[in-house]
Each structure stands twice: as C-alpha cells, then as structure tokens.
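Asker: Have a look at the structure that comes next, please.
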Amino acid sequence: MTSDEKGTAMRKKQMHRLSRAVFSLALIVSCLVFAGALFGQGAPAKARPGREKIDLLVAGGTVITMDAERRVLEDAAVAVRGDTIVAVGPRAELEARYVPARRIDARGRLVLPGLINGHNHAPMTLLRGLKDDVTLQDWLQNYIFPAESRNVNEEFVARGTRLAALEMIRGGTTTYADMYYFEDAIARETKAAGLRAVLGETILDFPAPDNKNLAQALAYTENFLKRWKGDPLIRAAVAPHSVYLCSEKTLKESAALARRYGAPILIHLSETKREVDEIRAQYGLSPPQHLEKVGVLGPDVLAAHCIWVDAADMALLARRQVGCVHNPSSNMMLASGVAPVVEMRAAGVRLGLGTDGPAGSNNDLDLMEEMDLAAKLQKVTRMDPRALGAEQALEMATIGGAKALHMEEEIGSLETGKKADLVLLGISAPHAVPMYQVYSQIVYALKASDVETVVIAGRTVMENRRVLTLNEAEVVARAREYGARVKQSLAAPPK
Ligand SMILES: [Zn+2]
C-alpha cells in the first residue's frame, strides 16, 4: 500500500465512521421525534428560538381544505392561535415553524371544515317523532301546535337546544342557523355548548309561545339583537316565518329592524306548491318576487327550502345574493317536492344544506346523512347519477353553507385567517375501508358516528367522542322526562 493508498483508506474509514455517527444521530433524533409524537400529545412543547407559539396544532391527518383549489393535503396540519387558523400545510413544515401549547393527533383521520346546518328549529328535538307519516296540515293542526301551545316555554326551549347542541356536535356540525321562539334562551345554550350559530327570533301574524302580537315580537327581537351584538359565536337574527304567515307589514317591519342592527333575515321560502299558488293568487307574484317587491331580498337574507322556484326566481335570488338552504330529508318526509339544486347551482345561487326541524320532518340533525341524501335525491329525480356529486354535496355542507349564511370570510373552509372550526373523522370503521376517493367516502360511506373530535373557534368541544361542553347523560335523561311530560299534556284536555 502506498502512502497515498493508506491515506485514502484512512479517509474512507473516517468517512465511514462519520457517516455511521451521522446515521446513529439521525436515528436517535427521529426516535425522539417519534417519541415526542407518541407521548407529547397535549403536553406543551419547549419553545425553540425562531419558532412561533400557537395554541393548537392539529397534526398528521388528511386535510380536506374546501378552499378555492379544493386542496386535499396528506400528512398535513392546521395551526391555530386563539380562535383563528394561522396556517394550513405540510405537517413537517408547520411543526418546524410552530410550538403549540396543545396538539391533536390527526394521524389516520380526515380533517374537515366544521359542517354548517343552514336550517333548523333546534328546540323541536323534544318533539322528535311526536307524529309522523301524516300530511303537513294534520301534523301541524292536530299535533305540533297543541304540543307547542301546552309545553313550549323558555325552559323547554333551553332543554331542547341543549339536546340539539349535543346531537349536532356529535355529528360534526359547528355552525347552525335556527328559527324558533325564545331565541334568546337558544343563544345562551348554544354559546354554553360552544357552538357557532345564526339565530333568528320567529315573527308571524298569530300569537306565538313567546310573543302574542307583532309589537311584542319586534320589541323582544330588538332586545335580543342588542344583547348579542358583537358576540364572537352568536349572530342574532330576525326570522319572519314565511310569506304565507307574515303580512306585508310584518315582513317590512321585520326587515327594517334587522337592517337597523345589521342582522341577518331568516325566512322559509317557496317550500310547497300550495304556498306558491296562494301567494300568486293573493299578490300576482311568486314568493321571491313578492319579497323583492316588499323590499326584503338582499345579501343578508337566508331562505330555507326554495323548492318551487322557476328560472326567473333563481335569477332573482342569485342577483340579490340571497342564501338558499336545501333540506332533502324534510322535503322528502313532508313530500314537499325536490329543490332544483342543479339549476340553482348553475344560476349562481348561494346554496347550503340543512336538516330542518327534528320533529316530523327529518327526524334528526345529521348533516352527514343530508349530504348523502342531497346527492342521491338529485340523481334519482333527474335519472342521472352525474347530477350532483359527492364533492358538491360536501361543498353545500361547508363552504356553500358559509356563503349561504354570508359568512364565507369567516368559516366554511380550512384556510389561514378563517375561524378554527374543524372536525376529525375516523376512517377505521368497517364501513370506512378501503378508501379510494375521499369525497365519496365522506358523503356516501362515513356517518355522524365517525366524527371523533370537534373544534369550534379553537376550542375543543368534543374529543374522541366525548363532548366536553355538556353533561351528556343529564341532557339525555332530561329529554326523556320532557317526552313523558309532552305525552301527558296531549292526553289531557286543552287548558
Ligand atoms: Zn323549517
């Protein structure tokens, strides 16, 4: 061996040792990182210089952003500070950039924007299944109105909302829109449960459980709007029931009140053929045209159903930026008809998805099911399996719903600057494997029971299927008691 050869051999040996050392070091580091990933859940990480502190990192899952590019990111993360998303991107990148106070391990799970239920009557959970399989008229006159007049008070509404909130959280709903009575109590319960909501106090031309005339209803609603102004979770709204239960005066005064406070207007619109026929006979206009003439339509209106709308109505609703909410279960259950979802989308209408009330028109608050039904109802009605796809159905329950609620700047997708409302879906159940296409898995295969963890405004409200903001056993037990009470009230002669 020449000295040259000796030198080369030495260098080779040194290089070999060095690379072994580097390899061992890398192994130790990666073990530490892995151990950190395993044992570091929930434990505050040590701040390293140059890394920013955040409150929460949801790390390691498949993130379905529902952003404009519809990005689906594998092994990604969502970084949250306060109630806001500060970054969405590759897990490794975000882990290098941030020190989270808390971590949620999303490995082997889907991370979605929280679902948005665009139409509900939450307290009606306590009347769930009171009477089904009868006509709308029979149901209302002989069951719902008597049950409501004998039972609905502020306590009933609060208890029903608690049950609804529990059900919605467990099904991945993070925002809902509601129309009922004693909406102030609904707001209190909703906020306590940690849910986000647009809550409309119902106004109509006959005595309601809370207010007996228009003046009372407007006064109650004005106080309600004042009380919740600026709340980070609750958006108080005005809900004139419909064009068939509200006179022109009621519609006008409700809209004027809402606009004085910059509050949304919630209404039922073109739900049945009968409604359209009656309004045409009375005013010579379709329900949307009538609302336009009265001055109600605008970019602050959320209209439920919009089933019996023609091309002119759709163009009007799109032009006035009205949000429309499709409720497939309710429309099928009450045989109201099939909303022209495909045409409304094509016309550029802001279109969300809802459950409607859980009594006699659904009967649950399961948006996972509504997505599935929304797609399948369009397919069978049009005899075309391509009519509405899974991605479009998910869109209606997320960013579409946000647009319908005119809240697309805040919610509906997982993007920097938006509110941290997100859900983790498990994908290990028998009905969840294997997975070829993520959108169709979510819409056609996964269920509300696959929702594991729910974060709203950065706060974890359900973790591994345990709701942290409500006493589940107590809520369910009290709901059963109410069921017995309602049954008894209907057996007794009216007061
Ligand atoms: Zn409704």
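Asker: How many residues, within the stretch 48-61, are at positive phi and in contact (Cβ under 8 Å) with a residue 12 or more places away in the chain? Steps first, answer last, please.
Answerer: Filtering the stretch 48-61 down to residues at positive phi leaves 50, 60.
Those still in the list that are in contact (Cβ under 8 Å) with a residue 12 or more places away in the chain too: 60.
Residues flagged as at positive phi and in contact (Cβ under 8 Å) with a residue 12 or more places away in the chain within the stretch 48-61 amount to 1.
Asker: Residues that are away from the ligand (no atom under 16 Å from the Cβ) and more than 24 Å from H305 (Cα to Cα): does the stretch 113-136 have at least one?
Answerer: no
Asker: OK, next. Name the residue, out of A281, A263, A258, A303, that is more than 14 Å from the ligand (Cβ to nearest atom), free of Cβ contacts under 8 Å to residues at least 40 places away in the same chain, open to solvent by less than 40 Å² (accessible area, probe 1.4 Å) and small (G, A, S).
Answerer: The unique qualifying residue is A263.
Asker: Further, regarding this structure: When you check V99 against the structure, is it over 21 Å from A397 (Cα atoms) and either surrounded by 20 or more Cβ atoms within 10 Å (Cβ to Cβ) or not assigned by TED's automatic domain parsing to the domain that holds L302 (or both), yes or no? I'd like the intermediate steps shown before the answer.
Answerer: Working: over 21 Å from A397 (Cα atoms): yes; either surrounded by 20 or more Cβ atoms within 10 Å (Cβ to Cβ) or not assigned by TED's automatic domain parsing to the domain that holds L302 (or both): yes.
Judged against the criteria, V99 is a match.
Asker: Filter the stretch 284-293 down to the residues that are part of a helix (DSSP H, G or I) and open to solvent by 10 Å² or more (accessible area, probe 1.4 Å), then identify the one that is farthest from the ligand (Cβ to nearest atom). Before you say what the answer is, go through the steps one by one.
Answerer: Within the stretch 284-293, the subset part of a helix (DSSP H, G or I) is 287-293.
So of that shortlist, the ones also open to solvent by 10 Å² or more (accessible area, probe 1.4 Å) come out as 289, 292-293.
Working: Q289: 21, E292: 21, K293: 23 Å.
If we take residues in the stretch 284-293 being part of a helix (DSSP H, G or I) and open to solvent by 10 Å² or more (accessible area, probe 1.4 Å), then K293 is farthest from the ligand (Cβ to nearest atom).
Asker: I've got another one for you. Looking only at the stretch 245-255, which residues are open to solvent by 20 Å² or more (accessible area, probe 1.4 Å) and either within 19 Å of L334 (Cβ to Cβ) or within 16 Å of the ligand (Cβ to nearest atom) (or both)?
Answerer: Taking the stretch 245-255 as the starting set, the residues that turn out to be open to solvent by 20 Å² or more (accessible area, probe 1.4 Å) are 245, 247-249, 252-253.
Listed by number, the list holds a single entry, L245.
Asker: Among the residues of the stretch 127-144, are any touching a helix residue (DSSP H, G or I) at 6+ places or on another chain (Cβ under 6 Å) and outside any helix (DSSP H, G or I)?
Answerer: yes
Asker: Do the conditions hold for P146, that is, is it away from the ligand (no atom under 16 Å from the Cβ), more than 20 Å from the chain's Cα centre (by Cα) and surrounded by fewer than 18 Cβ atoms within 10 Å (Cβ to Cβ)?
Answerer: Numbers: away from the ligand (no atom under 16 Å from the Cβ): yes; more than 20 Å from the chain's Cα centre (by Cα): yes; surrounded by fewer than 18 Cβ atoms within 10 Å (Cβ to Cβ): yes.
Yes, satisfied.
Let's see how each residue does on (1) surrounded by fewer than 17 Cβ atoms within 10 Å (Cβ to Cβ); (2) under 19 Å from the mean Cα position of the chain (by Cα):
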residue	(1), (2)
A339	no, no
M371	no, yes
D384	yes, no
E415	no, yes
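Asker: Any chance you could count how many residues in the stretch 220-243 are small (G, A, S) and exposed (fewer than 13 other Cβ atoms within 10 Å of the Cβ)? Give the derivation first.
Answerer: From the stretch 220-243, those small (G, A, S) are 230, 236-237, 239, 242; that's our starting set.
Next, from what is left, pick out any that are exposed (fewer than 13 other Cβ atoms within 10 Å of the Cβ): 230.
Count: 1.
Asker: Confirm whether N362 is open to solvent by 10 Å² or more (accessible area, probe 1.4 Å), closer than 30 Å to G483 by Cα and within 16 Å of the ligand (Cβ to nearest atom). Write out each step before concluding.
Answerer: On the way: open to solvent by 10 Å² or more (accessible area, probe 1.4 Å): yes; closer than 30 Å to G483 by Cα: yes; within 16 Å of the ligand (Cβ to nearest atom): yes.
In short, yes.
Asker: Going by the structure shown, is I186 in the same structural domain as A402 (by TED's automatic domain parsing), buried (at least 20 other Cβ atoms within 10 Å of the Cβ), farther than 29 Å from A448 by Cα and within 16 Å of the ligand (Cβ to nearest atom)? Talk me through it step by step, then tell me what you get.
Answerer: On the way: in the same structural domain as A402 (by TED's automatic domain parsing): yes; buried (at least 20 other Cβ atoms within 10 Å of the Cβ): yes; farther than 29 Å from A448 by Cα: no; within 16 Å of the ligand (Cβ to nearest atom): yes.
The answer is no for I186.
Asker: Given the conditions (1) at negative phi; (2) open to solvent by 80 Å² or more (accessible area, probe 1.4 Å), and given that S489 satisfies all but one, which numbered condition is not satisfied?
Answerer: (2)
Asker: Being open to solvent by 20 Å² or more (accessible area, probe 1.4 Å), away from the ligand (no atom under 12 Å from the Cβ) and more than 19 Å from M124 (Cα to Cα): is that true of V349 here? Before you say what the answer is, go through the steps one by one.
Answerer: Values: open to solvent by 20 Å² or more (accessible area, probe 1.4 Å): no; away from the ligand (no atom under 12 Å from the Cβ): yes; more than 19 Å from M124 (Cα to Cα): yes.
When the stated conditions are applied, V349 does not pass them.
Asker: Of the numbered conditions (1) under 17 Å from A339 (Cα atoms); (2) open to solvent by less than 20 Å² (accessible area, probe 1.4 Å), V296 satisfies every one except a single condition; which is it?
Answerer: Of everything listed in (1) under 17 Å from A339 (Cα atoms); (2) open to solvent by less than 20 Å² (accessible area, probe 1.4 Å), V296 misses just condition (1).
Asker: Kindly list, by first and then second residue, each pair from a residue in the stretch 321-335 that is over 28 Å from E408 (Cβ atoms) and assigned to a helix (DSSP H, G or I) to a residue that is within 12 Å of the ligand (Cβ to nearest atom) and at pLDDT 95 or above, limited to pairs with Cβ atoms under 9 Å and residues at least 6 apart or on different chains.
Answerer: Listed by first residue and then by second, the contacts come to M333/D356.
Asker: Kindly establish whether A315 is within 27 Å of I186 (Cβ to Cβ) and either assigned by TED's automatic domain parsing to the domain that holds P123 or open to solvent by less than 10 Å² (accessible area, probe 1.4 Å) (or both).
Answerer: Numbers: within 27 Å of I186 (Cβ to Cβ): no; either assigned by TED's automatic domain parsing to the domain that holds P123 or open to solvent by less than 10 Å² (accessible area, probe 1.4 Å) (or both): yes.
Taking the combined requirement at face value, the residue does not satisfy it.
Asker: A339 passes all but one of (1) touching a residue at least 24 places away in the same chain (Cβ under 8 Å); (2) assigned to a helix (DSSP H, G or I); which number fails?
Answerer: (2)
The values are calculated or read from the model by the stated rules, or taken from the named source; none is laboratory data. Just so you know, these numbers come straight off a predicted model, no measurement behind them. Neighbour counts are summed over all protein chains in view; Cβ atoms, including those assigned to glycine, are modelled from backbone coordinates with ideal geometry. Side chains included, ligands, DNA and RNA excluded: accessible areas come from the protein's heavy atoms. Shrake-Rupley method; radii C 1.70, N 1.55, O 1.52, S 1.80 Å.
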